[in-house]
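What follows is calculated from the coordinates using simple rules that are stated; it is not laboratory data. Every value quoted in this text rests on a predicted model; they were computed, and no experiment measured them. Heads up, the Cβs are rebuilt from the backbone with ideal geometry, glycines too, and the neighbour counts pull from every protein chain shown.
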Amino acid sequence: MDEEATLKRIYKIGDIVQLRAENPSFKPITLNGDTSVLILGKATYKLSKVL
């Protein structure tokens, strides 16, 4: 198991599930029935610095 985590959004397109990172430098991950993932949590709040 990899020891990294990134914030992703989950999209369901027909029978396909896709994970898309908030960071555009990461490619989307398309899941099928053979792929196993672990969801660690859900982002519910965003903090931003005011300039």
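With r as the distance between the Cβ atoms of VAL50 and ASN23 and R0 = 30 Å, compute the FRET efficiency 1/(1 + (r/R0)^6) and round to 0.05.
E(calc), rounded to 0.05, equals 0.85.
Taking Rh as the Kirkwood radius, which is the inverse of the mean 1/r over Cα pairs, what is the Rg/Rh value for the chain?
1.02
What are the ³J(HN,Hα) values, in whole Hz, obtained from phi via the Karplus relation 6.51 cos²θ - 1.76 cosθ + 1.60 with θ = phi - 60°, for each residue of segment 9-18 in sequence order, with x given for Gly and Pro?
9, 9, 10, 10, 10, x, 8, 9, 10, 10
Taking +1 at the Cβ of each Lys and Arg and -1 at the Cβ of each Asp and Glu, which of GLN18, ASN32, LEU47 sits farthest along the dipole of the chain towards its positive end, judged by Cα position relative to the Cα centre?
With unit charges placed on the Cβ atoms, the residue in question is LEU47.
For segment 22-28, take each phi angle, set θ = phi - 60°, evaluate the Karplus expression 6.51 cos²θ - 1.76 cosθ + 1.60, and give the result in whole Hz per residue in order, putting x for glycine and proline.
5, 7, x, 7, 9, 6, x
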